[in-house]
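Worksheet: the structure to be examined is printed underneath.
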Amino acid sequence: MLKRLFGKQPIEVWVIKQVDSDLLHLCGRATLPAKPSRKAVLAALAESGTGYQGPVTMLAGGAVLNARLFQALVPIDELQLLPDGQARWRGRDWQLAQAPQRCWTYEGRLVARPDPLGGTGALVSAEDVSGIRRQAEQEAPRRPGEVVFRPENRTEDHPLIASRDEGAPRAPRPKPGWERRDDDG
C-alpha cells in the first residue's frame, strides 16, 4: 500500500529485442524499478523506449538483465496485442516474432522464422548466422568429400619429418629394458 502511495511500485513494460521495418522481436513482459521516481522512469521510456538505463526483471524466469540489451522498453498500456501474431504500437500494426530466452542476451541481429511447433502465422526469432554460413561455404571444398592437396600438405616437405629418400631404412630401436642377451633364447 505504501509503495503505491509513494510511487515505488515497479513499472510493467513489454520488452522488444529488435525493431525491423514491419516486425517486432518481442521478448515478453518485464518490470522496471521506479527509481528515482516513477515519473522519471516513464519520462526516460518516452524517449523512444531507449532512454532508460538500468535493470530489467523479466517476468518469465525472473532473470535480471541490463536495458542496453534491448532496443525498446514499452509501457504495458502503449502496446496492444492483436490476434494472428500482430501488435499495435505507435499508431500502426506490426507483425510479431517471439524472441526465445536464448536470444535475450544475444547482441547480434535476429531473423524471424516460422514457428517449428506449427502455429499458424506464428514467427520465432533466431540468431542471424548467415555471415558465418557464407564464410564457411567460401572455405569449404566444392564437393562433399573432395580434398585439395597443396604443397604445404606434403609430409616430405615438412621440416620436422625426415624425407624418405635420406638413406637406407633403419632397424627398429629396442625398447629400454628389453635388450637382448646371448643367454636368452
Completion exercise
So THR105 and SER130, fully extended at 0.36 nm per residue minus their Cα-Cα distance, gain in nm 7.1 nm
Handout entry: Integer Hz, Karplus 6.51/-1.76/1.60 couplings in order for segment 18-23, x for Gly and Pro
Key = 8, 10, 9, 4, 9, 9
Practice task
Measure off 7 Å from each Cα along the Cα-to-Cβ vector at ASP20 and LEU42, then give the distance between these two points in nanometres to one decimal.
Solution key: 3.4 nm
Fill in the blank from the handout: With 0.36 nm assigned to each residue of separation and the Cα-Cα distance removed, LYS8 to ARG88 gains 26.0 nm
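Note down the net charge around ARG68, summing +1 for each Lys or Arg and -1 for each Asp or Glu among other residues with Cβ under 15 Å from its Cβ.
Its environment carries a net charge of -1.
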Exercise for the section: Taking the Cα centre of segment 48-98 as origin, sum charge times position over the Cβ atoms of Lys and Arg (+1) and Asp and Glu (-1), and report the length of that vector in debye to the nearest 20. Expected result: 160 debye
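Which loop-located trypsin sites (Lys or Arg not before Pro) does segment 61-129 contain, where loop means any DSSP state but H, G, I, E or B and the Cβ has at most 16 other Cβ atoms within 10 Å? Spell out each step's value before the answer.
Working: sites: ARG68, ARG88, ARG90, ARG92, ARG102, ARG109; in loops: ARG90, ARG109.
The qualifying sites are ARG90, ARG109.
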Completion exercise
Once both label points are put 7 Å beyond Cα along the C-beta direction, the THR57-LYS35 separation in nm becomes 1.1 nm
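No lab work stands behind these numbers, since they all come straight from the coordinates. Since we're looking at a predicted model, the values are computed, not measured. Every residue, glycine as well, gets a Cβ built from its backbone with ideal geometry; the counts of neighbours run over all protein chains shown.
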